[in-house]
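The values are calculated or read from the model by the stated rules, or taken from the named source; none is laboratory data. The structure presented is a predicted model; accordingly, all values stated were derived computationally and were not measured. For neighbour counting, all protein chains shown are included, and Cβ atoms are generated from backbone atoms with ideal geometry for every residue, glycine included. Note: accessible area is taken over every heavy atom of the protein model, side chains too, but ligands, DNA and RNA are not part of it. Shrake-Rupley method; radii C 1.70, N 1.55, O 1.52, S 1.80 Å.
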Amino acid sequence: MAKAIIGMPSGRGDVRVEVMASVINTIKELGRLGIEADFVCVSYAEPSVARNRLATYFLGTDADLLIMQDDDVAILHTIVRRIVEFDARMVGIYLPQRRLDLTKFGEHVKSGLPVRTAVHAAAPLIGPPTEQDNCIMEVDKIGGGFLVMKRDVFAAIDQTGLASTYEFGVPGSTTSYKGYFNNVIEEGGSNYLGEDYSFCWRFKKAGGRIFAYKGPGITHYGIFGFES
């Protein structure tokens, strides 16, 4: 039976009930696909450290898939099925922005745009610009709000030597991690990448292809839920 680890980086250690409901529904959906899933969370750590720890935990198991889901992201189980059945080495998602320009939103509604279209026009989804929608497409990079990765993604990065090993811990209890998500500065020295884009940069250097789902079924929580 195939296995998956759902890993959640939660810097605040505070997860919304809607997000946990999404995790539970994902576990059920994976079960229907014949995939046994387990859940683990890393709290009170900066993003790159939390993601590196989750990757290390995953690689220490016999699981086939690592699913990283942020503590403010909920996804419909049917979208999870769609991503898993797409069967790529790495698939992420476009997230709704957690802010809305109300002036622009009002202008778009007055111009006759449907409400959902007006929302997206005033707060575009987070990800590389594209006119495509409700599809899974190839991208150069994608955010880490929800990532589905096969084990060989990490093996490919290991072969490049771009993820160095480092120690992180308290005195007397030190653990080694691979810096898969350590922040990098792109060639030219002018673009500092977040930990998720840094991971994409490493995987692309390893010859990997990155895909992303763009469409409905995603909620990004802030003071309230922003839906795709």
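Values computed for the structure shown
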item: Surface accessible to a 1.4 Å probe, per residue, for the residues of the chain, Å²; result: 49
item: Phi-based couplings in Hz for region 15-22 (Karplus 6.51, -1.76, 1.60; Gly and Pro marked x); result: 10, 5, 5, 5, 5, 5, 4, 4
item: With at most 15 neighbouring Cβ atoms within 10 Å, loop GluC sites (Glu not before Pro) (DSSP) excluded, longest segment of the chain; result: 1-130
item: Amide H contacts under 5 Å for Glu36, placed H, 5+ residues apart; result: Ala2, Lys3, Ala4
item: Thr61/Ile185 FRET efficiency (R0 30 Å; Cβ-Cβ; nearest 0.05); result: 0.40
item: Contour excess over end-to-end distance, with Cα ends at Leu113 and Asp140 and 0.36 nm allotted per residue; result: 6.7 nm
item: Charge context of Met68, other residues only, Cβ under 12 angstrom, K/R +1, D/E -1; result: -2
item: Distance between modelled label sites at Ser43 and Tyr192, nm, 7 Å Cα→Cβ extension; result: 2.9
item: Förster-model FRET efficiency, 45 Å R0, Lys104 and Val17, C-beta, rounded to 0.05; result: 0.90
item: With Cα atoms, 0 to 90° folded angle of helix 47-59 axis to the chain main axis; result: 60
item: Exposure rule at most 15 other beta-carbon atoms within 10 Å, DSSP loop chymotrypsin sites (Phe, Trp or Tyr not before Pro): the chain longest free segment; result: 45-223
item: P(r) histogram, all alpha-carbon pairs of the chain included - 5 Å bins from 0, percent; result: 1, 7, 14, 18, 19, 17, 12, 7, 4, 2, 1, 0, 0
item: Cα-Cα P(r), region 1-134, percent of pairs per 10 Å interval; result: 11, 34, 32, 17, 6, 0
item: Residue among Ser22, Ala206, Gly11 farthest towards the positive dipole end of the chain, charges placed on Cβ; result: Ser22
